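The structure appears below as structure tokens.
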Amino acid sequence: MKDIEQIIKSLKTKKLYGYDEISTKILKISCPFISSPLNYVCNKILFWGVFPDRLKYEVIKPPHKNGDRCEVSNYRPVSLLTLFSKIFEMVIQTRILKHFTKYNNNNSSSNSSSYYYYYYYYYYYYYYYYYY
């Protein structure tokens, strides 16, 4: 629960949000009340290995880069995820990193290979469960 509260407090306050229209300001205010249910959901995600489909939805907004506004090439796509999916992603990343650093029984010369394995596992988990 403490890691979820720290992650929520570390989020940047932005005006952009996902399809659920929950802003970071609302999350920061309600942090003491929602950290326990978010911890429960995050534990279920890790236990079952399934990322909820509703958290995979995103809103794509095209902000203008520069130049003529009538030209399509002057816009870039930005996909906005819900804040809950960002929180769950950060929690899963920190928990996997803690697990690998805690149970790393190798000597210090092979630490880089264990971090390589961590990043491989994390990105496999993220892309497999998030995009499928």
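The values are calculated or read from the model by the stated rules, or taken from the named source; none is laboratory data. Remember, it's a predicted structure, so these values are computed and weren't measured experimentally. So basically every Cβ, Gly included, is an ideal-geometry build from the backbone, and we count neighbours across all protein chains shown. Remember, those area values only see protein heavy atoms, side chains included, never the ligands or the DNA or RNA. Shrake-Rupley method; radii C 1.70, N 1.55, O 1.52, S 1.80 Å.
Results, tabulated for the structure shown:
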| item | result |
| --- | --- |
| Lone qualifier among 32, 63 - being farther than 19 Å from residue 94 by Cβ, in contact with an Asp or Glu (Cβ under 9 Å, 6 or more places away or on another chain) and free of Cβ contacts under 8 Å to residues at least 60 places away in the same chain | 32 |
| Residue satisfying condition, being open to solvent by 60 Å² or more (accessible area, probe 1.4 Å), within 25 Å of residue 1 (Cα to Cα) and not hydroxyl-bearing (Ser, Thr, Tyr), within set 54, 76 | 54 |
| Single residue of the range 79-100 satisfying the filter (over 12 Å from the mean Cα position of the chain (by Cα) and either open to solvent by 40 Å² or more (accessible area, probe 1.4 Å) or aromatic (Phe, Trp, Tyr) (or both)) that is nearest to residue 58 (Cα to Cα) | 79 |
| The range 1-34, subset farther than 14 Å from residue 85 by Cα and among the polar types (S, T, N, Q), residue surrounded by the most Cβ atoms within 10 Å (Cβ to Cβ) | 6 |
